[in-house]
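Peer 1: Can you read through this structure? Questions will come right after.
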């Protein structure tokens, strides 16, 4: 059970490496609350689905057609970096965690959702590791104000173009 | 990515031999697999930097002139769209103004300039093909995947296996992807660079459709030609055989040349670029690319004409060669400003730009760091002034220093925590509960 791992333990178990200057012997904190890794935000899905009645359309939800992938010990990349960029990788004990990109998000920021029965970790070479307690979470990207009138290719059908922050 | 087009889409592992075409009742996974392969082929054609196949292009253009009821033109080739427009300007009498009301007043077809007739041929072909597609692509009410929006979040293979209809997937992974890359990310910056280059040199002559000068996009027309062609070959329905024949002529042009300008008795054609530098869109599952090069023009022609683009943002040359705080403050376009600040470095900009601090407070989940909300220097821009949120990285750089950078935020947020929350689509109250930032 991956409950009290240090960054050194995690990199050894997963084969994923992080940059040399990061602290490796400190235990990675595990939380069930909102936490950030670089430009990504991990949010418990319940906090994003509180709207009732007229505001239900603003809730984030998992699509009926969503396809879940089991997260292997070697991890799933939830966001590949751009040219020369590093990926954010989700890892967990085999069978404990699953990931889907089929998320309906009115803010158009969701990368996907994870649902885990054991502790899961998000790893990034520059940011180290973030421990995620059992539960269901949405991972959102970060946006900034833009003057773009051109639609984002990520959601070309969208009414408002979204400019994503690049880590 | 440079030189002859190469599409690094590793989503699919292909069988060593792909079928040439598939019937309508083929397995959806096979159809999508072929559609993705064909999309990549058309993408390569759209980004090709090989010298134009001049005889092929001329033959196809002659065929189109014939369909428009005009006799074959003389051809003139130019090294770039800019050189081509110079040739058009020199032969101005071959490009008579187009009376935009001519279609409504019932002016006889043969009296319209040939450029207008060709444009009309293209429009009506696409309309007939769309009508054929529309009849075939009836989405039964309540069927999963009737909304193409969700397809963007899946890789093509996963989308099929999730039960999304292959008709919805092909619209996204071929049509919207090709348009996003070739029309929006490549042709648009090129058109803007061309307009600017003309603007400096022009005598006020109307080198526009109203002035009779219509540019056809050659290889960049692969964005629509590739979509219709892929649908046909991957089993998404057929077209009338006359329409197929016409589509094949446009396709021959898309595979052989750059932009071209048809006139009366003369057709000016531009060579393809000699270099195209592009990168995949972060997080994209459908093979979209955008132009990017940090040490020179992202798209360049043999005569030196080209466009500078950084991560998809067209930028003036000074952004690449020498961004300064003063140049950035004077720049009205927020995208260009952001690219230039990233080139200069946020630390230098924060230190030297003299932005006015609105408010600052501790950064939730990031002990020892502050959020700073600043008024954006107004420059000469239009629109409501925005603000910049200066944030500090949660993890240190190799030297131990923690990097600071700015994020553009709306100007109507007064509280730094609300501004930070806005960047993630959250309320300030929720964001304030952030447990940890790395």
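The values are calculated or read from the model by the stated rules, or taken from the named source; none is laboratory data. Everything quoted here is computed from the prediction, not taken from an experiment. Counting neighbours? That spans all protein chains shown, and the Cβs are built from the backbone with ideal geometry, glycine included.
Peer 1: Hey, any hits in the range A:33-52 for a residue that's within 30 Å of residue B:291 (Cα to Cα), in contact (Cβ under 8 Å) with a residue 12 or more places away in the chain, part of a loop (DSSP other than H, G, I, E, B) and in contact with a strand residue (DSSP E or B) (Cβ under 9 Å, 6 or more places away or on another chain)?
Peer 2: Yes, the range A:33-52 contains a residue that is within 30 Å of residue B:291 (Cα to Cα), in contact (Cβ under 8 Å) with a residue 12 or more places away in the chain, part of a loop (DSSP other than H, G, I, E, B) and in contact with a strand residue (DSSP E or B) (Cβ under 9 Å, 6 or more places away or on another chain).
Peer 1: Something else now. Need pairs with beta-carbon distance below 9 Å; first residue part of a loop (DSSP other than H, G, I, E, B) and within the range B:26-37, second surrounded by fewer than 19 Cβ atoms within 10 Å (Cβ to Cβ); sequence gap 6+ or separate chains.
Peer 2: Cβ pairs passing all conditions: B:26/B:19.
Peer 1: In addition: Out of the residues in the range A:13-25 that are under 23 Å from residue B:392 (Cα atoms) and in contact with a strand residue (DSSP E or B) (Cβ under 6 Å, 6 or more places away or on another chain), state the one that is surrounded by the fewest Cβ atoms within 10 Å (Cβ to Cβ).
Peer 2: From the range A:13-25, those under 23 Å from residue B:392 (Cα atoms) are A:18-24; that's our starting set.
From the residues that got through so far, the ones that are in contact with a strand residue (DSSP E or B) (Cβ under 6 Å, 6 or more places away or on another chain) too are A:18, A:22.
Details: A:18: 21, A:22: 18.
Among them, the one singled out is A:22.
Peer 1: So, in the range A:117-167, of the ones that are under 22 Å from residue B:402 (Cα atoms), at pLDDT below 90 and at the interface with another protein chain (Cβ under 7 Å from one of its Cβ atoms), which residue ends up surrounded by the fewest Cβ atoms within 10 Å (Cβ to Cβ)?
Peer 2: This residue is A:166.
Peer 1: Would you check which residues across the range A:66-116 are away from chain B (no Cβ under 14 Å), surrounded by fewer than 20 Cβ atoms within 10 Å (Cβ to Cβ) and assigned to a strand (DSSP E or B) and list them?
Peer 2: A:115
Peer 1: Given the residues B:302, B:298, B:275, which is the only one that is within 30 Å of residue B:75 (Cα to Cα), at pLDDT 95 or above and within 14 Å of chain A (Cβ to nearest Cβ)? Quick ask: steps written out before the conclusion?
Peer 2: Values: B:302 fails: within 14 Å of chain A (Cβ to nearest Cβ); B:275 fails: within 14 Å of chain A (Cβ to nearest Cβ).
Among B:302, B:298, B:275, only B:298 is within 30 Å of residue B:75 (Cα to Cα), at pLDDT 95 or above and within 14 Å of chain A (Cβ to nearest Cβ).
Peer 1: Anything in the range B:324-374 that is in a strand (DSSP E or B) and within 25 Å of residue B:437 (Cβ to Cβ)? List them, or say none.
Peer 2: B:357, B:358, B:359, B:360, B:361, B:362, B:370, B:371, B:372, B:373, B:374 - these are the residues of the range B:324-374 that are in a strand (DSSP E or B) and within 25 Å of residue B:437 (Cβ to Cβ).
Peer 1: Being out of contact with any helix residue (DSSP H, G or I) (no Cβ under 8 Å at 6 or more places or on another chain) and farther than 14 Å from residue B:388 by Cα is the filter here, so list the residues in the range B:360-376 that pass it.
Peer 2: Within the range B:360-376, B:362, B:365, B:366, B:367, B:368, B:369 meet the criteria.
Peer 1: Please verify whether residue A:58 is within 20 Å of residue B:427 (Cα to Cα) and in contact (Cβ under 8 Å) with a residue 12 or more places away in the chain, treating the condition exactly as stated.
Peer 2: Judged against the criteria, residue A:58 is a match.
Peer 1: Right, here's the next one. Sort through B:25, B:53 and tell me the only one that's surrounded by fewer than 19 Cβ atoms within 10 Å (Cβ to Cβ) and more than 16 Å from residue B:237 (Cα to Cα).
Peer 2: After ruling out the rest, the residue left standing is B:53.
Peer 1: Out of everything in the range B:325-342 that is free of Cβ contacts under 8 Å to residues at least 40 places away in the same chain and surrounded by fewer than 23 Cβ atoms within 10 Å (Cβ to Cβ), what residue ends up being nearest to the other protein chains (Cβ to nearest Cβ)?
Peer 2: Filtering first and then ranking leaves B:335.
Peer 1: Of the conditions (1) at the interface with chain A (Cβ under 8 Å from one of its Cβ atoms); (2) within 21 Å of residue A:47 (Cβ to Cβ); (3) under 31 Å from the mean Cα position of the chain (by Cα), residue B:434 satisfies every one except a single condition; which number is it?
Peer 2: Of the numbered conditions (1) at the interface with chain A (Cβ under 8 Å from one of its Cβ atoms); (2) within 21 Å of residue A:47 (Cβ to Cβ); (3) under 31 Å from the mean Cα position of the chain (by Cα), the odd one out for residue B:434 is (3).
Peer 1: Here is a further query. Could you check, for the range B:411-420, whether at least one of its residues is within 32 Å of the chain's Cα centre (by Cα) and modelled with pLDDT under 90?
Peer 2: Among the residues of the range B:411-420, at least one is within 32 Å of the chain's Cα centre (by Cα) and modelled with pLDDT under 90, which makes the answer yes.
Peer 1: Tell me which helices (runs of 4 or more DSSP H) are completely within the range B:153-232 and hold 3 or more residues being within 27 Å of residue B:269 (Cα to Cα) and within 20 Å of the chain's Cα centre (by Cα), or say none if there are none.
Peer 2: Hits in the range B:153-232: B:188-201.
Peer 1: Taking residue B:265 as meeting all but one of (1) touching a strand residue (DSSP E or B) at 6+ places or on another chain (Cβ under 8 Å); (2) within 14 Å of chain A (Cβ to nearest Cβ), write down the number of the exception.
Peer 2: Every listed condition holds for residue B:265 apart from (2).
Peer 1: For residue B:288, work out the one condition from (1) touching a helix residue (DSSP H, G or I) at 6+ places or on another chain (Cβ under 9 Å); (2) within 17 Å of residue B:193 (Cα to Cα); (3) not assigned by TED's automatic domain parsing to the domain that holds residue B:208 it doesn't fulfil.
Peer 2: Only one criterion is unmet by residue B:288, namely (2).
Yes or no, residue by residue, for (1) over 25 Å from residue B:52 (Cβ atoms); (2) modelled with pLDDT of 90 or more; (3) away from chain A (no Cβ under 14 Å); (4) surrounded by 15 or more Cβ atoms within 10 Å (Cβ to Cβ):
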site	(1), (2), (3), (4)
B:139	yes, no, no, no
B:142	yes, no, no, no
B:169	yes, yes, no, yes
B:180	no, yes, no, yes
B:187	no, yes, no, yes
B:239	yes, no, yes, yes
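Peer 1: Looking at this structure, is residue B:103 in a helix (DSSP H, G or I) and either modelled with pLDDT under 95 or buried (at least 16 other Cβ atoms within 10 Å of the Cβ) (or both)?
Peer 2: no
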